[in-house]
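Step one of this worksheet: look at the structure below.
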Amino acid sequence: MSFSAELIIHQPGGTDVQVIIQASATGQQGAIQRITPASAGWGYVGFEVYELEAGQSLTQDTLDQEVCLVLVAGKASVRTRELSVESIGERMSPFERKKPYSVYVPNDDQFTVTAETRLELAVCKAPGHGNHKARLIGPEQVDAEQRGKGHNQRYVHNILPDTAAADSLLVVEVFTDEGCTSSYPSHKHDQDAEPGETYLEETYYHRFDPPQGFALQRVYTDDFELDECMAPYNQDVVQVPRGYHPVATIAGYNNYYLNVMAGPIRKWRFTWEADHAWVNSDNYPKNK
């Protein structure tokens with residue numbers, strides 16, 4: 001159950017956009033999250049989450065979007081027009097911290113996902129250009145890394161990084177233990193200014209262990225025209241149209257989030273907020 005408050009920001013051009021999207025069990029075909037570029041007020045990222053019982057299926061045409069299907073929890077079979085994979089998925093909860101199974105599906109294709117157990121499925125979308133074929137992304141293809149130190153540590157699974165084949169999508173999942181920060185020091189990627197920074201829209205799909213937990217997330221810009229603090233609960237999505245976006249966990253609750261990013265250039269280049277970049281240096285932690 002989600003208790004997060006609705007937050008609205010004002011985008012340039014006068015469009016009101018909701019920053020935090022609560023999970024809802026009223027969607028069609030088991031959808032609990034459904035975000036489109038139109039609903040988010042931006043141009044690239046779409047994101048959906050489905051909860052399916054064993055035996056249930058989800059079928060979609062990809063149209064002009066490429067898709068990364070991430071099995072957040074559960075086991076399933078996936079078919080596209082040219083690919084068929086059976087009984088994939090090894091974790092029943094993301095907090096097992098096993099590497100996930102995912103499937104990349106290009107635009108102008110169709111996929112059917114059939115749940116073999118209770119399934120939590122993330123459908124990550126962005127514009128596709130027909131440059132790649134459908135493929136399985138198995139655990140052996142997912143790089144894992146520990147980032148940060150002190151109370152700024154997190155564990156990362158790079159599902160679809162900018163070194164992997166795709167047209168627009170970047171997909172990563174992050175585990176942050178209780179009492180630690182993540183997506184920190186604060187960084188942003190809202191300017192089309194290569195080589196230092198690229199414009200990337202981003203969604204955060206939050207999960208908590210135990211599930212009644214919450215985190216604190218702030219989305220803000222240098223001029224504070226956008227400056228919102230929020231408390232995402234289990235299965236909420238935080239949308240980051242621009243600005244910095246750090247996450248802080250609460251004692252007693254471990255956090256998982258699935259990030260989807262996309263923009264006009266498929267490179268993850270970001271800028272640290274100058275005031276807090278020192279947390280990356282040898283001066284942190286101070287009490288080492």
Extreme residue, nearest to residue 19 (Cα to Cα), among residues of the range 250-259 that are open to solvent by 10 Å² or more (accessible area, probe 1.4 Å) and hydrophobic (A, V, I, L, M, F, W, C): 250
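Does residue 112 fit the bill of being among the polar types (S, T, N, Q) and open to solvent by less than 10 Å² (accessible area, probe 1.4 Å)?
Working: among the polar types (S, T, N, Q): yes; open to solvent by less than 10 Å² (accessible area, probe 1.4 Å): no.
In short, no.
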Would you check if there is a residue in the range 85-94 being under 29 Å from residue 200 (Cβ atoms) and either touching a Pro at 6+ places or on another chain (Cβ under 6 Å) or open to solvent by 60 Å² or more (accessible area, probe 1.4 Å) (or both)? no
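May I ask you to say which residue of 214, 224 is open to solvent by less than 70 Å² (accessible area, probe 1.4 Å) and of a type outside the set (Val, Ile, Thr)?
214
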Exactly one of 247, 238 is buried (at least 19 other Cβ atoms within 10 Å of the Cβ), over 19 Å from residue 148 (Cα atoms) and aliphatic (A, V, I, L, M), and that one is 238
Please give the number of the condition residue 233 fails out of (1) of a type in the set (Phe, Trp, Tyr); (2) in contact (Cβ under 8 Å) with a residue 60 or more places away in the chain; (3) open to solvent by 50 Å² or more (accessible area, probe 1.4 Å). (3)
Which residue is farthest from residue 107 (Cα to Cα), if the candidates are limited to the range 143-164 and must be open to solvent by 50 Å² or more (accessible area, probe 1.4 Å) and among the basic types (Lys, Arg)? 149
Quick check: is even one residue across the range 137-145 assigned to a loop (DSSP other than H, G, I, E, B) and not basic (Lys, Arg)? yes
Test each condition in (1) closer than 23 Å to residue 48 by Cα; (2) out of contact with any helix residue (DSSP H, G or I) (no Cβ under 8 Å at 6 or more places or on another chain); (3) open to solvent by 20 Å² or more (accessible area, probe 1.4 Å) for residue 209 and report the one that comes out false. (2)
For the range 165-197, give me each residue that is more than 20 Å from residue 215 (Cα to Cα) and surrounded by 19 or more Cβ atoms within 10 Å (Cβ to Cβ). 166, 168, 169, 170, 171, 189, 190
Working carefully through the options 84, 102, find the one that is of a type in the set (Gly, Ala, Ser), modelled with pLDDT of 95 or more and more than 20 Å from residue 156 (Cβ to Cβ). 84
Scanning the range 61-82 for residues that are farther than 24 Å from residue 208 by Cβ and either touching a helix residue (DSSP H, G or I) at 6+ places or on another chain (Cβ under 9 Å) or open to solvent by 60 Å² or more (accessible area, probe 1.4 Å) (or both) gives 61, 63, 64, 79, 81, 82
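Can we say residue 4 is surrounded by fewer than 22 Cβ atoms within 10 Å (Cβ to Cβ), of a type in the set (Ser, Thr, Tyr) and at pLDDT below 95?
Numbers: surrounded by fewer than 22 Cβ atoms within 10 Å (Cβ to Cβ): yes; of a type in the set (Ser, Thr, Tyr): yes; at pLDDT below 95: yes.
Considered against the rule, which asks whether it is surrounded by fewer than 22 Cβ atoms within 10 Å (Cβ to Cβ), of a type in the set (Ser, Thr, Tyr) and at pLDDT below 95, residue 4 comes out as yes.
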Spot the failing condition for residue 23; the list is (1) in a loop (DSSP other than H, G, I, E, B); (2) touching a Ser or Thr at 6+ places or on another chain (Cβ under 6 Å); (3) modelled with pLDDT of 95 or more, and only one is missed. (3)
Looking at the range 115-142, which of the residues that are open to solvent by 40 Å² or more (accessible area, probe 1.4 Å) and of a type in the set (Lys, Arg) is farthest from residue 163 (Cα to Cα)? 118
Looking at the range 152-198, which of its residues are in a loop (DSSP other than H, G, I, E, B), free of Cβ contacts under 8 Å to residues at least 40 places away in the same chain and β-branched (Val, Ile, Thr)? 163
Limited to the range 116-143, what total is found for residues that are modelled with pLDDT of 95 or more, out of contact with any Phe, Trp or Tyr (no Cβ under 9 Å at 6 or more places or on another chain) and either within 14 Å of residue 64 (Cα to Cα) or not β-branched (Val, Ile, Thr) (or both)? 7
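The values are calculated or read from the model by the stated rules, or taken from the named source; none is laboratory data. Small disclaimer: the values here were computed from a predicted structure and weren't measured. Neighbour counts run over all protein chains shown; Cβ positions are idealised from the backbone, glycine included. To get the accessible areas, we keep the full protein, side chains included, count just its heavy atoms, and leave off ligands, DNA and RNA. Shrake-Rupley method; radii C 1.70, N 1.55, O 1.52, S 1.80 Å.
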